[in-house]
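Peer 1: Dumping the structure here so I can ask a few things about it.
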Amino acid sequence: MATDLKTTPLHALHLRLGAKMVPFAGYDMPVQYPMGVMGEHNHCRTKAGLFDVSHMGQVRITGSNVAARLEALMPVDVAGLPEGRQRYGLLTNDAGGIMDDLMFANRGDHWFVVVNAACKEADIAHLRANLPDCDVTELDRALLALQGPTAEAAMIDAGIDVAAMRFMDIADFDAFGGLTISRSGYTGEDGFEISVAPDQAEALAEALLAQEAVAPIGLGARDSLRLEAGLCLYGNDIDTGTTPVEAGLTWAMGKARRAGGAREGGFPGAATILNQIAHGADRRRVGLAPEGRAPMRAGTALHAAPDGPQIGTITSGGFGPTVGAPVSMGYVPTSHAAEGTALYAALRGKFLPVKVASLPFTKPGFKR
Amino acid sequence: MIKFTEEHEWLRTDGDEVIVGITAHAAEQLGDIVFVELPEADTEVAKDDEIVVIESVKAASDILAPLDGTITEVNEAIVENPALVNEDPMEAGWFFKLKLADPSEMDTLMDEAAYKAYVAD
């Protein structure tokens, strides 16, 4: 392990569990455990998987008019989010590109934001610069995710009664030194993200792993789970060169910020984004189902016809264990974005058939 | 006779041919294999030609021809069920049969003891 890598409060536990560790966003993180990527993926889809996502940034914002100030940074309805609820958000730049995607929650006396590990320093600087009279603090806390159809039962068995929570609720619990729990995740399954003090993180993880239904899941299966669920990976599927409309994330904006809404526009890149909503974007993110067995990974070129010019690119792809076949996502011209459109991927000197498919590839298990 | 390459392939003599596969160590390192693309039978290959593509849940890898020769048969069972390579890498998960251009070249490869020492390093 390179000495400049950071570690999470669960690092010693990962090593004890036999994880294979890799550098990820500056952290030494588990890519898989002895169960293996495929086994971990299937375990999470059928039972419950425990993920260490402590590398992500957890930010607390207090001050006046935070909602209005966040709405000046995101094309998202912040002011309309009730206390005790969480929502998906996007930081945009002046060109309408996506600086990061995040989760934000209304906690009554403060706002709680979870951002991507690789973006957290830039995000916090951006928030501080744009919320000058607010307090923007990165919390020194671990973040665990428990995901899967038996996640609720496992939480209850560990003494944390989350039964009353619904998808995207967020609440505090007294157990393990005080927890902040949202019913959300990055797998397409029902589940929870649990913010815990660093010195309680291992005890919490052990209490969950002590149950037969719970297994530790590494970054490998985290990626195949989110890919099947059609969820974007920042840096692959979305970045400063893609707008929310191109990325198929217009749903995240809410009516209030669109043309004719109560708080229309007023976010970075509004002219571009609102114009794309009204008149369509030139390209969009789509699901892609390779017809053969060969996985088509990020960077693979897409063509409308064999030997024709490149028209698009795959941004995420691999084998989908639940689908039982390769699955990908990528960007294509809007003219080629209709479900069922036949395309070709350039792979090892061949043009292999791939069809535009609807997302997600797997049915979500959220408890609405 | 069974021999091993530094690329973690095994070669087992079978009459005047050799059967080629990847070692249990290689299969474990690659992780769950989800795709195998094999060459056509009757293909002439030179040592280090990239002749097989395998993809695991993690990444794509090439398998190189271990020696000069002609492919005489390929194992379609691992195309249909790539997991066979993980489950039984040394037997049912074989890749192809090769008629060596020069059978004496087998002597240049590692024996089992040498391969075990190589993997342990």
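Bear in mind these aren't lab numbers, they're just calculated from the coordinates by the rules spelled out. For clarity, every value in this text was computed on a predicted model and none was experimentally measured. For neighbour counting, all protein chains shown are included, and Cβ atoms are generated from backbone atoms with ideal geometry for every residue, glycine included.
Peer 1: Set the bar at 24 Å for Cα to Cα. Now go through B:Lys58/B:Lys97; B:Lys3/B:Lys97; A:Lys255/A:Lys355; A:Lys367/B:Lys58; B:Lys3/B:Lys99; A:Lys20/B:Lys97 and name every pair that lies beyond it. Please list the in-between numbers first.
Peer 2: Values: B:Lys58/B:Lys97 27 Å; B:Lys3/B:Lys97 14 Å; A:Lys255/A:Lys355 32 Å; A:Lys367/B:Lys58 31 Å; B:Lys3/B:Lys99 15 Å; A:Lys20/B:Lys97 34 Å.
Exceeds cut-off: B:Lys58/B:Lys97; A:Lys255/A:Lys355; A:Lys367/B:Lys58; A:Lys20/B:Lys97.
Peer 1: While we're on this one: Quick check of the Kirkwood formula: for segment A:96-238, what is the inverse mean of 1/r over all pairs of different Cα atoms, in Å? All intermediate terms of the calculation are to be shown ahead of the outcome.
Peer 2: On the way: mean 1/r = 0.0608 Å⁻¹.
Averaging 1/r across every pair of different Cα atoms and inverting gives 16.4 Å.
Peer 1: Then there's this: So for each of A:139-146, A:165-172 I average, over its residues, the number of other beta carbons within 10 Å; can you give me the resulting order with the highest mean first? Intermediate values should be presented prior to the final figure.
Peer 2: Values: A:139-146: 20.9, A:165-172: 16.9.
The densest-packed peptide leads the list: A:139-146, A:165-172.
Peer 1: For B:Glu87 and B:Ala46 in one chain, what is 0.36 nm times their gap in residues minus the Cα-Cα distance, to one decimal in nm?
Peer 2: Details: separation 41, 0.36 × 41 = 14.76 nm, distance 2.88 nm.
Residue separation times 0.36 nm, minus the Cα-Cα distance, leaves 11.9 nm.
Peer 1: Let me know the shape class of segment A:15-73, please: from the alpha-carbon gyration tensor, a ≥ b ≥ c as square roots of the eigenvalues, rounded when a/c is under 1.5, otherwise prolate if a/b is greater than b/c, or oblate.
Peer 2: Working: a/c = 3.70, a/b = 2.24, b/c = 1.66.
Verdict is prolate for segment A:15-73.
Peer 1: Follow-up question, since we're still on this one. Sum up the charges of everything whose Cβ sits under 11 Å from the Cβ of A:Glu202, counting Lys and Arg as +1 and Asp and Glu as -1, but leave A:Glu202 out.
Peer 2: Numbers: positive: A:Arg16; negative: A:Asp52, A:Asp199, A:Glu206.
That sum, taken over residues with Cβ under 11 Å, equals -2.
Peer 1: Under the rule a/c < 1.5 gives rounded, and otherwise a/b versus b/c splits prolate from oblate, where does segment A:153-302 land using the Cα gyration tensor?
Peer 2: Numbers: a/c = 2.86, a/b = 1.51, b/c = 1.89.
Verdict is oblate for segment A:153-302.
Peer 1: Another question, if that's okay. Given contacts defined as C-alpha pairs under 8 Å and at least six residues apart, what's the relative contact order of chain A, whole-number percent?
Peer 2: Values: 850 pairs, mean separation 66.1, N = 368.
Across chain A, relative contact order equals 18 percent.
Peer 1: Sort largest first and round to whole Å: the equivalent ellipsoid semi-axes of the protein assembly as shown, each the square root of five times a Cα gyration tensor eigenvalue. Intermediate results must be reported in sequence, preceding the final value.
Peer 2: On the way: eigenvalues 415, 161, 64 Å².
Over the Cα atoms of the protein assembly as shown, the ellipsoid semi-axes are 46, 28, 18 Å.
Peer 1: Per DSSP H run of n ≥ 4, the term is -39500 (n - 2.57); total these for the protein assembly as shown, divide by its residue number, and report the mean residue ellipticity at 222 nm rounded to 500 deg cm²/dmol.
Peer 2: Working: 12 runs with 98 residues, N = 489.
My calculation for the protein assembly as shown gives -5500 deg cm²/dmol from helical runs alone.
Peer 1: Is the shape of segment A:282-361 best called rounded, prolate or oblate, per the rule: a/c under 1.5 gives rounded, else a/b larger than b/c gives prolate, else oblate, with a ≥ b ≥ c the square roots of the Cα gyration tensor eigenvalues? Don't skip to the answer; put the middle values down first.
Peer 2: Details: a/c = 1.70, a/b = 1.17, b/c = 1.46.
In terms of gyration-tensor shape, oblate.
Peer 1: Can you compute the FRET efficiency between A:Trp251 and A:Ile156 using 1/(1 + (r/R0)^6), with r the Cβ-Cβ distance and R0 = 30 Å? Round to the nearest 0.05.
Peer 2: Details: r = 31 Å, r/R0 = 1.05.
Computed FRET efficiency for A:Trp251 and A:Ile156: 0.45.
Peer 1: Need one value for A:29-41: mean number of C-beta atoms belonging to other chains within 10 Å of its residues' C-beta atoms. Walk me through the intermediate numbers first.
Peer 2: Numbers: counts 0, 0, 2, 4, 0, 0, 0, 6, 6, 8, 1, 2, 2.
Partner Cβ neighbours, averaged per residue: 2.
Peer 1: For segment B:2-103, what does the relative contact order come out to in percent, with C-alpha contacts under 8 Å and a separation of six or more?
Peer 2: Working: 235 pairs, mean separation 31.1, N = 102.
For segment B:2-103, the relative contact order is 30 percent.
Peer 1: Using label points projected 7 Å from each Cα along Cα→Cβ, tell me how many nm separate A:Arg368 and A:Thr341, to one decimal.
Peer 2: 2.8
Peer 1: What ranking, highest mean first, results for peptides A:270-276, A:100-106 when packing means the other Cβ atoms within 10 Å averaged over each residue?
Peer 2: Highest-to-lowest ranking by the protection proxy: A:100-106, A:270-276.
Peer 1: While we're on this one: In whole Å, what are the Cα extents of segment B:2-103 along the three principal axes, biggest one first?
Peer 2: Each principal axis gives a Cα extent; for segment B:2-103 these are 36, 24, 22 Å.
Peer 1: Evaluate the distance, in nm, between pseudo-label points positioned 7 Å from the Cα of A:Ala72 and of B:Arg12 along their respective Cα→Cβ axes.
Peer 2: Calculated label separation equals 7.2 nm.
Peer 1: Also, I was wondering about something else. With charges only on Cβ, +1 for K and R and -1 for D and E, what is the dipole size of chain A about its Cα centre, in debye, rounded to 20?
Peer 2: On the way: 32 positive and 40 negative charges, 237 e Å.
That gives chain A a dipole magnitude of about 1140 debye.
Peer 1: If each residue's Cβ is checked for other Cβ atoms within 10 Å, how do B:Ile54, B:Ile19, B:Ile33 rank with the fewest at the top? It would help to have the intermediate numbers written out before the result.
Peer 2: Numbers: B:Ile54 23, B:Ile19 20, B:Ile33 26.
Result, fewest neighbours first: B:Ile19, B:Ile54, B:Ile33.
Peer 1: Okay, next question. Provide the FRET efficiency to the nearest 0.05 for the B:Leu64-A:Asp4 pair, computing r from the beta carbons and using R0 = 35 Å.
Peer 2: Details: r = 35 Å, r/R0 = 0.99.
So, using R0 = 35 Å, E works out to roughly 0.50.
Peer 1: Pick out, in residue order, every one of the GluC sites (Glu not before Pro) in segment B:28-111 that is DSSP loop and has at most 11 other C-beta atoms within 10 Å; say none if there are none. Can you show the working numbers first?
Peer 2: Working: sites: B:Glu28, B:Glu37, B:Glu40, B:Glu44, B:Glu50, B:Glu55, B:Glu73, B:Glu76, B:Glu80, B:Glu87, B:Glu91, B:Glu105; in loops: B:Glu40, B:Glu91.
Answer in residue order: B:Glu40, B:Glu91.
Peer 1: Please identify every one of the GluC sites (Glu not before Pro) in segment A:171-223 that sits in a loop by DSSP and has no more than 14 other beta carbons within 10 Å of its own beta carbon. Could you put the intermediate results ahead of the total?
Peer 2: Working: sites: A:Glu189, A:Glu193, A:Glu202, A:Glu206, A:Glu212; in loops: A:Glu189, A:Glu212.
Passing both the DSSP loop test and the Cβ count: A:Glu212.
Peer 1: Hand me the GluC sites (Glu not before Pro) from segment A:38-129 located in a DSSP loop with no more than 11 other Cβ atoms within 10 Å, in residue order please. Display every interim value, and only then the final one.
Peer 2: Numbers: sites: A:Glu40, A:Glu71, A:Glu83, A:Glu121; in loops: A:Glu83.
Sparse-neighbourhood loop GluC sites (Glu not before Pro): A:Glu83.
Peer 1: Now a separate question. What does the average come to when, for each residue of peptide B:30-38, you count the partner chain Cβ atoms lying within 10 Å of its Cβ?
Peer 2: Going residue by residue through B:30-38 and averaging, the value is 5.
Peer 1: Here is a further query. Per residue of A:283-295, count partner chain C-beta atoms within 10 Å of its C-beta, then hand back the mean as an integer. Please report the intermediate quantities before stating the final value.
Peer 2: Details: counts 0, 0, 0, 0, 0, 0, 0, 1, 0, 2, 8, 7, 7.
Mean inter-chain Cβ contacts per residue within 10 Å come to 2.
Peer 1: Reachable lysines from A:Lys120, Cα under 18 Å, same-chain residues fewer than 8 places away excluded?
Peer 2: A:Lys6
Peer 1: Another one. Between A:Asn130 and A:Thr62, what's the calculated FRET efficiency when r is the beta-carbon distance and R0 is 22 Å? Round to 0.05.
Peer 2: Numbers: r = 15 Å, r/R0 = 0.69.
Rounded to the nearest 0.05, the efficiency is 0.90.
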